[in-house]
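Notes follow once the structure below has been shown.
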Amino acid sequence: MQYNTIPNYLLAWYFVNKRTLPFRDIDDVYKIWLSEVMLQQTQVETVIPYFKNWINKFPTIETVADAEQESLLKMWEGLGYYSRCRNFHKAANIVVKTHNGKIPNNWEEFRALPGVGDYTASAVLSIAFKKPYPVIDGNVKRVMARILRFRNLTKRNIYRMKKCLTDIISKENPGDFNQSMMELGARICTPKNPKCGLCPVSFQCGAFLVGTPESYPLPIKKKKPPHYEIVAGLIWRGNKFYIQKRGQKGMLAGLWEFPGGKVEKDESLEDALRREIQEECGAKPKIIKKFGTINHAYTHFSITFHGYHCSENGTPINDLEHSTWIEPGQISEFPFPKANHKLFSLLEEQGWHV
Ligand code: DGT
């Protein structure tokens with residue numbers, strides 16, 4: 001099968017059918033890069049308001065480099081995968097300090113920046129600098145598995161997809177070619193019920209020609225993610241409660257939280273709460289009452305999160321280096337995980353205090 005006519009058909013389809021997005025058809029490399037970082041693991045509709053707010057507050061790469069990590073995390077609050085934000089901050093500093101504020105236009109230097117993997121490098125270099133690097137994300141893998149009729153997304157098959165894409169990618173318009181592949185995957189070549197009647201390249205698609213496009217590629221069996229019970233305490237001192245900042249490593253790094261943690265096997269919720277607060281803050285709290293429970297799903301696990309009103313119990317809790325006491329009206333000043341915002345909503349309904 002000849003695949004080198006695919007770009008012409010695909011680009012013609014894309015120019016007529018593409019969605020207008022605030023980060024599309026712009027030539028500011030910084031904004032293109034930011035959008036590609038935000039779009040990883042996140043849907044376009046979710047990204048749009050975050051992108052607009054961010055650009056209003058941080059219009060240039062210099063403003064990102066100058067910002068405090070915490071104010072960037074605040075703008076990212078709710079978008080998840082916060083390491084993207086922390087890495088973007090580090091990368092902006094390197095661009096400003098080492099590259100004179102000019103975002104590198106070659107693979108070696110750009111790919112070496114924190115948080116820039118093969119996907120981001122290919123997307124940004126092709127869209128902003130017209131370099132012919134093909135992007136391979138989940139949508140592109142599905143489209144190519146169907147065109148090339150690959151049942152399994154093995155390393156070898158992905159290598160073959162990449163080779164085919166590198167051969168056929170439009171040299172004049174690699175950025176639009178890449179975006180057209182992703183757009184086709186998102187809107188036409190969908191996992192279920194692909195709209196092959198509307199596909200500009202169905203006649204070059206092996207899976208369509210054998211009549212069973214949906215069965216390519218075979219779904220990857222996912223293990224059920226574990227579930228944890230989490231307890232946390234809102235420890236009151238007068239009108240204020242205690243919050244602490246998570247460390248710089250691991251998930252939700254740099255965000256603020258209530259003291260607490262995972263309930264162990266055969267442990268009651270309240271025992272777990274006393275143990276966790278003792279471990280983290282050096283004193284057992286007085287538990288006043290539970291104010292609510294919420295559920296939240298992360299990528300690799302899910303939690304049921306129980307929140308308790310507490311107070312100090314004779315021994316004051318340690319004020320750690322990265323901790324503070326705040327009034328309810330101050331929560332908007334700190335970046336918190338999404339799960340905490342779910343608890344804040346319950347507290348709003350209840351009027352916060354015990
Ligand atoms: P670990 O113990 O190494 O797994 O470390 P953490 O801190 O990731 O886990 P842990 O035991 O504190 O579990 C709490 C999980 O719930 C953690 O994945 C983050 C999530 N979480 C969301 N909001 C809060 C919060 O306000 N407090 C606490 N403690 N955890 C929160």
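For q = 0.11, 0.15, 0.23 Å⁻¹, what log10 I(q)/I(0) does the range 241-353 give under the Debye formula with an equal point scatterer on each alpha carbon and no solvent? With one equal scatterer per Cα and no solvent, log10 I(q)/I(0) is -0.35, -0.68, -1.78. For the pair the range 319-354 and the range 221-236, the centres of their Cα atoms are 18 angstrom apart.
The base-10 log of I(q)/I(0) for the range 182-321, evaluated at q = 0.09, 0.14, 0.18, 0.19 Å⁻¹, reads -0.49, -0.71, -1.01, -1.10 [Debye formula, identical scatterers on Cα atoms, solvent excluded].
One chain, two ends: residue 3 and residue 190. Fully extended at 0.36 nm per residue, the span grows by 65.3 nm beyond their Cα-Cα distance.
Averaged over its residues, the chain has an accessible area of 50 Å² per residue, based on protein heavy atoms and a 1.4 Å probe. With q set to 0.22 Å⁻¹, the log10 of I(q)/I(0) for the range 84-172, from the Debye formula over equal scatterers at the Cα positions, is -1.04. For residue 313, the amide hydrogen comes within under 5 Å of the amide hydrogens of 286, counting only partners 5 or more places away or on other chains and with H modelled in the peptide plane. Over all pairs of different C-alpha atoms in the range 12-57, the reciprocal of the mean inverse distance, the Kirkwood hydrodynamic radius, equals 11.4 Å. Projected onto their three principal axes, the Cα atoms of the range 76-116 cover extents of 31, 18, 11 Å, largest first. Relative to the globular-protein estimate of 2.2 N^0.38 Å, the Cα radius of gyration of the chain stands at 1.19.
Computing FRET efficiency as 1/(1 + (r/R0)^6) for residue 266 and residue 341, where r is the C-beta to C-beta distance and R0 is 41 Å, gives about 0.85.
Cross-linked pairs 74/102; 171/223; 131/155: Cα-Cα separations exceed 29 Å for 171/223. Rounded to the nearest 20 debye, the dipole size of the chain about its Cα centre is 1600 debye, using +1 on the Cβ of Lys and Arg and -1 on the Cβ of Asp and Glu. Which residue fluctuates the most in the chain, going by a Gaussian network model with Cα springs under 10 Å, if the choices are 31, 221, 289? Taking springs between Cα atoms under 10 Å, the residue moving most is 221. Rounded to the nearest 500, the helix-only mean residue ellipticity at 222 nm of the chain stands at -13000 deg cm²/dmol, with each DSSP H run of n ≥ 4 adding -39,500 (n - 2.57). Hydrodynamic estimate: the Kirkwood radius of the range 91-237 over Cα pairs, inserted into Stokes-Einstein at 25 °C and 0.890 mPa s, corresponds to D of 139 µm²/s. On the chain, 51 percent of the accessible area sits on carbon and sulfur atoms, based on a 1.4 Å probe. Each part gets one Cα centre, and for the range 252-300 versus the range 84-112 those centres are 38 Å apart. Extent of the range 163-261 along its three principal axes (Cα atoms, max minus min coordinate, largest first): 70, 35, 25 Å. Taking 0.36 nm per residue of separation and subtracting the current Cα-Cα distance, fully stretching the chain between residue 107 and residue 68 would add 11.2 nm.
The values are calculated or read from the model by the stated rules, or taken from the named source; none is laboratory data. It should be emphasised that the depicted structure is a prediction, and the values quoted were computed from it without experimental measurement. Please note: Cβ atoms are built from the backbone with ideal geometry, for glycine as well, and neighbour counts cover all protein chains shown. Note: areas computed on protein heavy atoms with side chains; ligands, DNA, RNA excluded. Shrake-Rupley method; radii C 1.70, N 1.55, O 1.52, S 1.80 Å.
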